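Heads up: the structure comes next, in structure tokens.
The values are calculated or read from the model by the stated rules, or taken from the named source; none is laboratory data. Remember, predicted model here, so these are calculated numbers, not experimental data. Because the Cβ atoms are built from the backbone with ideal geometry, glycine has one as well, and the counts that use them run over all protein chains shown.
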Amino acid sequence: MNGNEDEKHEFSFALFDVHNAGYFDFEEFKEIITKFIAHFCIITGSHSKVDSESLREIFEKMDTNKDDIVDVKDYKSALKENPGLFNWFELLNQLG
Ligand SMILES: [Ca+2]
């Protein structure tokens, strides 16, 4: 992993870590994605909705040490193993 990727991951992690706590849990993750998708639907006029089970699946993939929170270390190693894991547009396509 090069420096740029590392910085990108830290930046995108910070979007989820709204309380600046160094981690986020499933409820926080779900809330952020729900808001994001609501905005997306307003902008595009589409009717995607959040499927809690798919979100749980994504969350569990990110929580590499399975302690029910995702910290920056989990987040980076999950993305390193699976760079497409957190592609917003892929996610939205799956939901749509
Ligand atoms: Ca974890």
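Per-structure values
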quantity	calculated
Filtered residue count, segment 65-82, keeping only those that are small (Gly, Ala, Ser) and within 7 Å of the ligand (Cβ to nearest atom)	0
Hits in segment 35-86 - residues which are surrounded by 15 or more Cβ atoms within 10 Å (Cβ to Cβ), within 21 Å of Glu7 (Cβ to Cβ) and acidic (Asp, Glu)	Asp71, Asp74
Scan of segment 1-18 for residues that are in contact with an Asp or Glu (Cβ under 9 Å, 6 or more places away or on another chain) and either within 16 Å of the ligand (Cβ to nearest atom) or in a helix (DSSP H, G or I) (or both), ordered by number	Phe13, Phe16, Asp17
Selection from segment 32-64 of residues that are aromatic (Phe, Trp, Tyr) and away from the ligand (no atom under 16 Å from the Cβ)	Phe36, Phe40
Residue satisfying all of: in segment 18-34; free of Cβ contacts under 8 Å to residues at least 24 places away in the same chain and either under 12 Å from Val72 (Cα atoms) or charged (D, E, K, R) (or both); surrounded by the fewest Cβ atoms within 10 Å (Cβ to Cβ) among these	Asn20
Residue under evaluation Tyr23, criteria (1) more than 12 Å from the ligand (Cβ to nearest atom); (2) among the hydroxyl-bearing types (Ser, Thr, Tyr); (3) over 11 Å from the mean Cα position of the chain (by Cα), criterion not met	(1)
Qualifying position, being in a helix (DSSP H, G or I) and at pLDDT 85 or above, among Thr34, Thr64	Thr34
